[in-house]
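For reference, the structure I am asking about is given below.
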């Protein structure tokens, strides 16, 4: 594995940072709305609009579920944020978060064929956010929560899921958990260990690792085999600082009671001692996790160092310290743990059966299909998860989630595996080919040359 320095990685990150403002300004945003129906003459508007449109309106009035047949609601997803935890930028406000939500929306469309709309809110109150979600529910088939600070993000997700009749998903939680589980499934196969037996050190107890721990447990991992550590040390029942905040830090306190059956105390070195797996989503490195701590892990250890832009430990350092398999959140190192492998396919699946919710069990189903796809085309220590350019994985992931929705009784419609696969494949291909056609026709212009922008700077 090629060694790089912090300076080299940051320099590599500078290029898109320099190009992004010019590109965004050039296109004046990244999304547009286009008709999907044929318009061959002006008479057609008598059908698509008044007076003809009154008839589907009457049909929906008689049976509200027909809204999914007569409108595009079945494929609409709202990408909703209050701008309180945008990427690594923190609480930058709704308007400043809008470019991120637009970017998320184009990933939805290109990878999953989902018509996603960015919606940023001028409120930070839990009850108001949930009320907004309820108010817009008649328009959308699903909600993707994004970049909401913790612990508020937990309450918004749980309450919205309980009170709404469409899938509500928080990608920072469930998306991360899904792809981490997919990578772990294949990593454990390669080292010959079982998920219900391994000792897991969970480094960082934010939104991502909180849901990851929950999803791992649903996939067979044991809470008693987990040791979780935050910035102040290992979680255990004696953590009075967490007990005092258990009203707002509910999950953290529950982890204090459920995990760490050995009663360990201390910090990262103690948490990693004899661990088979380290899953880190914490402070960017390098040096957050040290080589000597990895050396103290079990034989054939697995290290997922997912902090961005710099992982908690350099991958080669983890390998030198004895780790058998190492993953990060970066695409320029092997084994990228990337949320974009999850949400487009998962939403494609739940939308295609018009599901009423999306559950953590569906995350497990999606993770298992991601892992299966990678295993079928071949895995090794430096290649444990699919890549974003392997587009065939998304229809398969969609089918897995759709079938789980049907099995769990939350699907409005029931389709066969083959019908689901053909439908998802056609929708995703249509999205990609439509974009390509617009570019080929010059209706979407190429961006200014990189050299022209970088040369000016």
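Kindly list the residues of the range 249-290 that lie in the label zone of residue 158, defined by a backbone N under 15 Å from the point 7 Å along the Cα-to-C-beta vector.
249-258
Per-residue ellipticity at 222 nm for the chain, helices alone: DSSP H runs ≥ 4 residues times -39500 (n - 2.57), over residue total, nearest 500 deg cm²/dmol? Before the final figure, lay out the partial values.
Working: 19 runs with 212 residues, N = 457.
Computed ellipticity for the chain at 222 nm equals -14000 deg cm²/dmol.
Roughly what would the spin-label model give for residue 70 and residue 375, points 7 Å off Cα along C-beta, in nm?
4.7
What distance in nm separates the two pseudo spin-label positions at residue 3 and residue 438, each 7 Å out from Cα along the beta-carbon direction?
4.7
Right, something else. On C-alpha positions alone, give me the angle between the axis of helix 417-440 and the longest principal axis of the chain, in degrees, nearest 10.
In the chain, helix 417-440 runs at an angle near 80 degrees to the longest axis.
For the pair residue 18/residue 258, report the inter-label distance in nm, with labels modelled 7 Å from Cα in the Cβ direction.
4.8
I would also like to ask the following. Which percentage, to the nearest 5, of the DSSP beta bridges contained in the chain is antiparallel?
Working: 4 of 35 bridges.
Roughly 10 percent of the DSSP beta bridges within the chain come out antiparallel.
Right, next: What FRET efficiency, computed as 1/(1 + (r/R0)^6) with R0 = 35 Å and r the Cβ-Cβ distance, is obtained for residue 50 and residue 25, rounded to the nearest 0.05?
0.40
Turning to a different aspect of this structure: Taking 41 Å as R0, compute the FRET efficiency from the Cβ-Cβ separation of residue 123 and residue 274 and round it to 0.05. Please report the intermediate quantities before stating the final value.
Values: r = 47 Å, r/R0 = 1.13.
Working from the Cβ atoms, E equals 0.30.
To continue, here is another question. Pairs of alpha-carbon atoms within less than 8 angstrom and 6+ residues apart define the contacts here; what relative contact order does the chain have, in percent? Please report the intermediate quantities before stating the final value.
Numbers: 806 pairs, mean separation 67.4, N = 457.
Once normalised by length, the contact order is 15 percent.
Compute the label zone of residue 218 within the range 127-148: residues whose backbone N is under 17 Å from the point 7 Å along Cα-to-Cβ.
Counting backbone N atoms under 17 Å from the label point, the list is 143-145.
Just subtract the alpha-carbon distance of residue 58 and residue 445 from 0.36 nm times their residue separation and send over the number in nm, one decimal.
Working: separation 387, 0.36 × 387 = 139.32 nm, distance 4.16 nm.
Separation in residues times 0.36 nm, less the Cα-Cα distance, equals 135.2 nm.
Here is a follow-up. State the extension gain, in nm to one decimal, for the chain segment bounded by residue 387 and residue 92, taking 0.36 nm per residue of separation less the distance between their alpha-carbons.
On the way: separation 295, 0.36 × 295 = 106.20 nm, distance 3.08 nm.
Difference between extended and current length: 103.1 nm.
How would the range 27-166 be classified by its alpha-carbon gyration tensor: rounded, prolate or oblate, with rounded meaning a/c under 1.5 and the a/b versus b/c comparison settling the rest? Before the final figure, lay out the partial values.
Numbers: a/c = 2.73, a/b = 1.60, b/c = 1.71.
Here the range 27-166 falls in the oblate category.
Working from Cα positions, state the angle (0 to 90°, nearest 10) between the long axis of helix 393-407 and the longest principal axis of the chain.
90
The numbers here are math on the coordinates, done by the rules we state, and not lab data. Keep in mind it's a predicted model, so treat the numbers as computed, not measured. As a convention, Cβ positions derive from the backbone with ideal geometry for all residues, glycine included, and neighbour counts pool all protein chains shown.
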